[in-house]
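The values are calculated or read from the model by the stated rules, or taken from the named source; none is laboratory data. Please read all numbers here as calculations on a predicted model, not as lab measurements. Please note: Cβ atoms are built from the backbone with ideal geometry, for glycine as well, and neighbour counts cover all protein chains shown. In case anyone asks, the SASA skips ligands and DNA or RNA and just uses the protein heavy atoms, side chains included. Shrake-Rupley method; radii C 1.70, N 1.55, O 1.52, S 1.80 Å.
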Amino acid sequence: GKIDDIIKNKVNENVNATLDFVDADLSLFSNFPNATVTLEKVSLVNKAPFEGDTLFAANAVELKLGISQFFKESDEPIKIDRFFVDGANVNVKADSEERANYDIAMDTGSAETESTASESSFTLAMDEYSIQNSKIVYDDRSTNMNLTITELNHSGSGDLSLATSELDTKTTAFVSFGMDSTN
């Protein structure tokens, strides 16, 4: 229960949306010396101006990482061995005024300079990722474009922490695109 509250509170304090999930599990022993963090029945629901719209939902989100990653300083890169999402539904929208529902970062109010931003930049290293049985909908009312990707299964591996990364990926999906009245 404590892990659930910590994750939800930290995320919800920093986004203009509400993160919720049914259960969070931290397993330190099943993949030792790695830890597995699993979130079940995840949802990220927008606040105004897209209040009530679900931006992201998934049956499960799982991260596998070395236990030592939990003890790193904030300026050290975090290495995730595996990132897995199952049954995701992603609904990206832009309204007629070109406001996007994925623009959920909170305004921190600080005027951070470019040099400060580059000094404190976040680095992430990941070996493997996969998205299974998922759907992505992009609906842009300002341009009358709609893109729907269903039965998405995507996986990849490689080092994403490099300035130039080389990935080995595989994707299968059904894609539908429409603009104005043409599909």
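Taking a straight line from the alpha carbon of Lys79, these lysines sit under 26 Å away, with near neighbours fewer than eight places off in the same chain left out: Lys2, Lys8, Lys10, Lys41, Lys64, Lys170. In the chain, the DSSP-assigned H stretches of four residues or longer account for a calculated mean residue ellipticity at 222 nm of -3000 deg cm²/dmol, using -39500 (n - 2.57) per stretch and the full residue count as denominator. Give the calculated FRET efficiency between Val15 and Met179 to the nearest 0.05, with a Förster radius of 30 Å applied to their Cβ-Cβ distance. Once rounded, the FRET efficiency stands at 0.50.
Counting protein heavy atoms only, the chain has 52 percent of its accessible area on carbon and sulfur, 1.4 angstrom probe. On a 0 to 90 degree scale, rounded to 10, what angle separates helix 2-14 from the longest Cα axis of the chain? Tilt relative to the chain: about 50 degrees.
A 1.4 Å probe run over the protein chains yields, for the chain, 65 Å² of accessible area per residue, whole-number rounding. So how much slack lies between Thr148 and Thr171, counting 0.36 nm per residue of separation and subtracting their Cα-Cα distance, in nm? Here the segment from Thr148 to Thr171 would lengthen by 6.8 nm. If one computes P(r) from the Cα atoms of the chain, what percent of pairs lie at distances over 24 Å? Result for the distance tail: 51 percent.
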